[in-house]
Amino acid sequence: MQISELAGRARTASRVLAAANRERKDAALAAMADALESEATGVLNANAADVETARARGTGEALLDRLTLTPARLAGMAGGLRDLAPLPDPIGETVRGWNLPNGVHVDQVRVPFGVVGMIYEARPNVTADAAGICLKSGNASLLRGSASCLGTNRVVVRALREGLAAAGLPADCVNLVEGGHEVTGEMIRARGLVDLLVPRGGAGLIRTVVEDATVPVIETGTGNCHLFVDASADQDMAISIMLNAKTQRPSVCNALETLLVHRQIAGEFLPRALDALAAAGVTVHGDGTSRSIDPRIVPAGEHEYEAEYLSLDLACAVVDDIGAALAHIRRYGTGHSETIITSDAASWRRFATEVDAAVVLVNASSRFTDGGQFGFGAEIGISTQKLHARGPMGLSEMTTTKYLLTGTGQTRA
């Protein structure tokens, strides 16, 4: 099916959805979750086949982890849909309102975008998350997953559409986009048919969508996340947070990728950190100074401070002070999540003020950069841009606004 036809059907469904009240949408979310659970065997079987094919093609372990569904992860997908139901409906919310001197009342209210296109790699859980968030925020969705999880996504979307129909909403509120690269090209240039695009995946995918799209894009970014251990840091706390941020799930965008250590404590802290990291199976890649302190650190390559590992590898550098840490982050950071461990109020205030990122964390793990952890319910992605939405994107971020003016017969002079 051509994008124009698929988007047209989604547009028609979006008009029904925009007029649906909260009760209808929440009932649909519950029905979608029920249908997904009913199709659990089919979903897991299709996913096992996708994973086997990907492994045979030499797909890396980080991407295989993102592709793989387990019964627990599938239950989490259904639970994420149900968790959206009790959240406030953003549609119709008054962002601000005021009276003009002539008596006309002005309200700025939240409304859906209409048709939202999602382009993403692996991670079939995104299929359910995106469909649910779009539905609750009044948007029809066009879901363009990668070929590596096409079989899984077919079964997931079929279940979601069955749930929608059972709840009395158009099945075309959720649509799977299939086809080759030419279909992606059509989708990102379907201005007037698609209202918004959200790319979610590797740097290459995001760059292609941002550079080639004529449809408005909310850019989700890669997560080259740093942790700076200040001279005043509680070192036990720093090690605990470092381990959680690096090892709790290393293949995701909010995982720690670079450790920066204040020179004043590096001689004491790094050997302790290496003990903990080595026990967790983490290989540390460092600069000359860090390697002179602990020989277990292997040399960092030319570009190892620039990108995500998404594995049990960690870049490391010793920096002279907080100013040097900030300079390193400015050079290599991707604007995602940056952390400082410190006991000094002036240091954390300076770090929070000068770091240019969607999320700044003080004495807490970067793994908290997540819509669910923020209380948003399932997230559609983490935006690293500065327009409209920044950071974890939940329901409110998937809306735009319009102005409603109410008068009693006023005319402009």
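Values in this text are rule-based calculations from the coordinates and carry no lab data. This is a predicted model, so every value here is computed, not measured. For neighbour counting, all protein chains shown are included, and Cβ atoms are generated from backbone atoms with ideal geometry for every residue, glycine included.
Picking from VAL43, LEU243, CYS316, whose Cα lies most toward the positive end of the charge dipole for the chain (charges on Cβ: Lys, Arg +1; Asp, Glu -1)?
Positive-end residue among those listed: VAL43.
Can you list the residues, at least 5 places off or on another chain, whose amide H is less than 5 Å from the amide H of GLY391, using H built in the peptide plane?
Distant-sequence amide H within range of GLY391: SER383, THR384, GLN385.
Order these by the 10 Å Cβ neighbour count, fewest first: LYS25, LYS402, LYS136. Could you put the intermediate results ahead of the total?
Details: LYS25 23, LYS402 9, LYS136 27.
Placing the least packed residue first, the sequence is LYS402, LYS25, LYS136.
Specify the residue with the greatest mean-square fluctuation among LEU193, LEU100, LEU143, computed from a Gaussian network of the chain linking alpha-carbon atoms under 10 Å apart.
Answer for the Gaussian network model of the chain: LEU100.
If R₀ is 35 angstrom, what is the calculated FRET efficiency for the pair GLN373 and ASP321, using the beta carbon separation as r and rounding to 0.05? Don't skip to the answer; put the middle values down first.
Details: r = 31 Å, r/R0 = 0.88.
According to the calculation, E is roughly 0.70.
Out of the DSSP beta bridges found with both residues in segment 3-221, what percent are antiparallel (nearest 5)?
On the way: 5 of 20 bridges.
Close to 25 percent.
Taking the chain as the reference, fit the longest principal axis to its C-alpha atoms, fit the long axis of helix 263-279 to the helix C-alpha atoms, and give the angle between the two in degrees, 0 to 90, nearest 10.
70 degrees
Under a no-solvent Debye model with one identical scatterer per Cα of segment 270-394, what's log10 I(q)/I(0) at q = 0.20 Å⁻¹?
Taking Cα atoms of segment 270-394 as identical point scatterers yields -1.31.
Please give the Cα centre distance for segment 128-159 versus segment 311-334, rounded to the nearest Å.
For segment 128-159 versus segment 311-334, the Cα centre distance is 37 Å.
Give the long-range amide H neighbours of VAL174: residues separated by 5 or more places, or on another chain, with amide H under 5 Å away, using H modelled in the peptide plane at 1.01 Å from N.
SER141
Can you sort PHE374, PHE228 so the residue with the fewest Cβ neighbours within 10 Å comes first?
Numbers: PHE374 14, PHE228 27.
Ordered from fewest to most neighbouring Cβ atoms within 10 Å, PHE374, PHE228 come out as PHE374, PHE228.
Compute the helix-to-body angle for 40-56: its Cα long axis versus the longest principal axis of the chain, expressed 0 to 90° and rounded to tens.
Helix 40-56 sits at roughly 50 degrees to that axis.
Would you give the gap between the C-alpha center of segment 31-51 and the C-alpha center of segment 171-195, rounded to a whole Å?
Spelled out, the Cα-based centre of one part sits 24 Å from the other.
On a 0 to 90° scale, report how tilted helix 345-354 is relative to the longest principal axis of the chain, with both axes built from alpha carbons and the result rounded to the nearest 10.
Result, in degrees: 50.
So how far, in whole Å, is the C-alpha centre of segment 360-392 from the one of segment 83-112?
24 Å
How do HIS336, HIS328, HIS181, HIS226 rank when sorted from fewest to most other Cβ atoms within 10 Å of their own Cβ?
Numbers: HIS336 25, HIS328 17, HIS181 9, HIS226 28.
So the residues, fewest neighbours to most, are HIS181, HIS328, HIS336, HIS226.
Kirkwood hydrodynamic radius, computed over distinct alpha-carbon pairs, for segment 3-221: how many Å, to one decimal?
Details: mean 1/r = 0.0557 Å⁻¹.
Kirkwood radius, segment 3-221: 18.0 Å.
Comparing PRO295, PRO170, PRO199, which has the greatest mean-square fluctuation in the GNM of the chain with Cα pairs linked when under 10 Å apart?
Judging by the Gaussian network model, the answer is PRO295.
Each residue of segment 17-27 in order: what ³J(HN,Hα) in whole Hz does its phi give by Karplus 6.51 cos²θ - 1.76 cosθ + 1.60, θ = phi - 60°, with x for Gly and Pro?
Result, rounded to whole Hz: 5, 4, 8, 6, 7, 4, 4, 5, 5, 5, 5.
Give me the dipole magnitude in Debye, nearest 20, for segment 312-413 about the Cα centre, with unit charges on the beta carbon: positive for Lys and Arg, negative for Asp and Glu. Don't skip to the end; give the middle numbers.
Values: 9 positive and 10 negative charges, 117 e Å.
Taking the Cα centre of segment 312-413 as origin, the dipole is about 560 debye.
Figure the gain on full extension for GLN410 and ARG57 (residue separation times 0.36 nm, minus the Cα-Cα span) and round it to one decimal in nm.
Values: separation 353, 0.36 × 353 = 127.08 nm, distance 6.82 nm.
Extra length available between GLN410 and ARG57 comes to 120.3 nm.
At a threshold of 8 angstrom on Cα-Cα distance, excluding pairs fewer than six apart, so keeping six or more, what relative contact order does segment 156-238 reach in percent? Don't skip to the answer; put the middle values down first.
Values: 66 pairs, mean separation 17.2, N = 83.
Relative contact order of segment 156-238: 21 percent.
Which of ASP234, ASP356, ASP172 moves the most in a Gaussian network model of the chain with Cα springs under 10 Å?
ASP234
List the residues whose amide H sits under 5 Å from the amide H of ARG189, counting only those 5 or more places along or on another chain, with H placed 1.01 Å from N in the peptide plane.
Residues meeting the criterion, in which the H sits 1.01 Å from N, are THR214.
Going 7 Å from the Cα of GLN264 in the Cα-to-Cβ direction, what parts of segment 311-343 have a backbone nitrogen less than 20 Å from that spot?
It comes to 317-329, 339-343, nothing else.
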